[in-house]
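The values are calculated or read from the model by the stated rules, or taken from the named source; none is laboratory data. No experiment lies behind these values; they were computed from the predicted model shown. Glycine also receives a Cβ, built like all others from the backbone with ideal geometry; neighbour counts cover every protein chain displayed. What goes into the accessible areas is simple: the full protein's heavy atoms, side chains included, and nothing from ligands, DNA or RNA. Shrake-Rupley method; radii C 1.70, N 1.55, O 1.52, S 1.80 Å.
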Amino acid sequence: MAEIDFPLGGAEGLPDGEGSEVPTNGKVYEFLRSIVNRLVDDWCPGNCQSLIEEKEYIELCYRAREAFWMDRVCLEIEPSITICGDIHGQFEDLCQLFATFFFPPHFPVEKGSSREIKDQPNPQRYLFLGDYVDRGPFSIETISLLFALRLLYPDKIFLLRGNHESRAVNTQYGFYFECTRRFSINLYEAFQYAFNCMPICATVGKRIVCMHGGISEDLRDLAQLETLERPFDIPDIGVMSDLCWADPSNCVDEGMYADSPRGAGRIFGPAALDEWLETLNVDMVVRAHQIVMDGYEFFSNKKLVTIFSAPSYCGHFDNLGAVMHVYKNMECSINCYADEKIYKNRLDAFIKKEAKSNMA
């Protein structure tokens, strides 16, 4: 591939927000298209080191950082939208997610491409709830594809920050090692600069609040979030910590708040959730952060749902992945997906369980 000449860190030629016209030419556009084309159509584990150069990944990080800096801390998104949970470096599963629920519209499709799909429905828009890196084997490709799509389609792809988009966490759970083993510390640092500017919350249709972790007792108005100064890393306590780390639990005294066994953020019960929803005048919380075996799990009479989008997590679980669709009329549906062998393993386990139950 011919080398593309452009200055580092600039954002010329990119659209600047929802409703912006999708770019169709220019060096930046061709660079981003090239990144997506190579990752989606040409990538395989055997060529991952030669397909994209380190300097290209770093350029992508700089451009993503500038785009996030222009975003609000709490995004305001109108439906329809597809909400996705943790990916955790499972790049092949991310590609399968897009193949199943369709790539963003307007993307140039060549005949024979993996993106060539007949009878494609209405254009798809995606909100990802964080935790793109760590655990899985291809975090670099995972976050890079999402960065490139976010830059190409700022009104169709939205990315929130998870607790693993933090130096304190991703130095320990695989991302630091992946960057430094495959490339250098420079690439790892470039990703941190981008992570530290990412949005951490979103509303959908002004009725659904989305975040990676959970609610915060200290967040009484979403406008508070716009006072946060970026870049920032995620602390162990406070609003930012809760939005990235908190978990729902039915084992909290009086259903309110308690310290989290994770050591960061808090846990909260049904009563706390009810109070929080009423205070913010919203109907529902959609979050990620926890593996759930069916890919989704409701809490407190369906006022909260956990979405997890990494099937067969780390290769050690027989969990499904799931996404949640929010339609223009604010009706919601959930789709689950996984490799065929996961369904077979789960069916075999169910049959064995039923057999033991009948013998008892």
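Pairs of lysines in the chain whose Cα atoms sit within less than 28 Å of one another amount to 24, provided the residues are eight or more positions apart or on different chains.
Placing R0 at 45 angstrom, the Cβ-Cβ distance between Ala258 and Asn186 gives a FRET efficiency of 0.65 after rounding to 0.05. Extension gain, Tyr173-Lys302: 0.36 nm per intervening residue step, less the Cα-Cα distance, totals 43.3 nm. Amide H contacts under 5 Å for Arg125: Thr82, restricted to partners 5 or more places along the chain or on a different chain, H placed in the peptide plane at 1.01 Å from N.
Is the C-alpha gyration tensor of the stretch 34-102 telling us rounded, prolate or oblate? Criteria: a/c under 1.5 is rounded; beyond that, a/b larger than b/c is prolate, otherwise oblate. The shape class here is oblate. With a cut-off of at most 16 other beta carbons within 10 Å, and DSSP calling the residue loop, which trypsin sites (Lys or Arg not before Pro) in the stretch 277-360 qualify? Please list them. Qualifying residues, ordered by number: Lys302, Lys328. Along the axis of the charge dipole computed for the stretch 269-359 (Cβ charges of +1 for Lys and Arg, -1 for Asp and Glu, origin at the Cα centre), the listed residues Phe350, Val292, Ala310 are led at the positive end by Phe350. Relative to the current alpha-carbon distance between Asp236 and Ile351, full extension at 0.36 nm per residue lengthens the span by 37.1 nm. The equivalent ellipsoid of the chain has semi-axes of 31, 25, 21 Å, largest first, where each one is the square root of 5 times an eigenvalue of the Cα gyration tensor.
Any chance you could check the Cα centroid distance between the stretch 249-266 and the stretch 38-109 for me, in angstrom? One Cα centre to the other: 33 Å.
Could you tell me how far the Cα centroid of the stretch 282-347 sits from the Cα centroid of the stretch 160-176, in Å? Centre-to-centre (Cα) distance: 22 Å.
Rounded to the nearest 500, the 222 nm mean residue ellipticity of the chain from helices alone is -10000 deg cm²/dmol, with -39,500 (n - 2.57) taken per DSSP H run of at least 4 residues. Residues Met359, Met256 ordered from highest to lowest accessible area at a 1.4 Å probe: Met359, Met256. When the solvent-accessible area of the stretch 249-330 is split by element, carbon and sulfur atoms take up 46 percent of it, the probe being 1.4 Å.
Restricting the stretch 144-239 to GluC sites (Glu not before Pro) that sit in a DSSP loop and have at most 10 other Cβ atoms within 10 Å of their own Cβ leaves Glu229.
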